[in-house]
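Worksheet: the structure to be examined is printed underneath.
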Amino acid sequence: MGGLLEQSELHIDTIYNNALRILSERAPGYRIRNAEPRDISRVVYINRTCLPENYPVYFFEELLRNYGKAFYVAESPEGEVVGYVMTRVEWKPGFFKKLLARSLHIVSLAVLPEYRRKGLGYALMAHAMRAGYREYSCNETYLEVRVSNRPAISLYEKLGYRIVRIAHGYYLDGEDAYIMARRLP
């Protein structure tokens, strides 16, 4: 291969392999696995602890039931769920082509504060992106993020996402959101 690829051009398998390496170096004993119904109460707890945007329990259950192959949790060496990524698959006008695209929507990502900086968020996203492509045949992925959330924006940029537009007043408190997207694979 020629020179270094831009982040947005990184193949999801490269990102996935990077995630496995990061986990082995920075979070030995932690694992990323598909969420199960028994995890929902813990996922709801993490969501309500970490994020101002909360959803009713049935919403988590519905996304697990319908898109469980791309709904992941991070588990500590002690078997405690400490983070999650929740997704859904949508047909919508594409960000990178004018026709309809099958998009993996990253609905929510959170890691408990005391477990951050171990690469768990990166690994959760890598697993979800890979599953979106392999299990659901998505050709792009997108998410919304608060314009003030620099750590999250930085993470998403490392994963190849780029800002494609601003959603003004997106959040209940009136803050704008960046819509960030990237092609898959």
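Taking label positions 7 Å along the Cα-Cβ direction at both Glu62 and Arg162, the computed distance is 3.4 nm, reported to one decimal.
About its Cα centre, the dipole of the stretch 1-160 is roughly 140 debye, where the only charges are +1 on Lys and Arg Cβ and -1 on Asp and Glu Cβ.
GNM, the chain, Cα, under 10 Å: largest mean-square fluctuation among Leu99, Leu124, Leu51? In the Gaussian network model the winner is Leu99. Among Tyr171, Tyr161, Tyr67, the largest mean-square fluctuation in a Gaussian network model of the chain, built with springs joining Cα atoms closer than 10 Å, belongs to Tyr171. Largest first and in whole Å, the equivalent-ellipsoid semi-axes of the chain read 23, 21, 17, each the square root of five times a Cα gyration tensor eigenvalue. Placing a pseudo-label 7 Å from each Cα along the Cα-to-Cβ vector at His11 and Glu90 gives an inter-label distance of 2.9 nm. For the stretch 98-185, the antiparallel share of DSSP beta bridges with both residues in that region comes to about 75%. Taking the chain as a Gaussian network, Cα atoms linked when under 10 Å apart, which of His168, His105, His127 shows the biggest mean-square fluctuation? Judging by the Gaussian network model, the answer is His168. Per the Debye calculation on the stretch 86-185 with a single equal scatterer at every Cα and no solvent contribution, log₁₀ I(q)/I(0) for q = 0.13, 0.15, 0.23 Å⁻¹ amounts to -0.45, -0.60, -1.30. Put the Cα centre of the stretch 5-75 next to the Cα centre of the stretch 110-185 and the gap is 11 Å. Rg/Rh, computed from the Cα trace of the stretch 1-94 with Rh as the Kirkwood radius, has the value 1.04. With the convex hull drawn over the C-alpha atoms of the stretch 19-59, the volume per residue is 107 Å³.
Bear in mind these aren't lab numbers, they're just calculated from the coordinates by the rules spelled out. The structure presented is a predicted model; accordingly, all values stated were derived computationally and were not measured. FYI the Cβ positions are ideal-geometry reconstructions off the backbone, even for glycines, and counts take in every protein chain you see.
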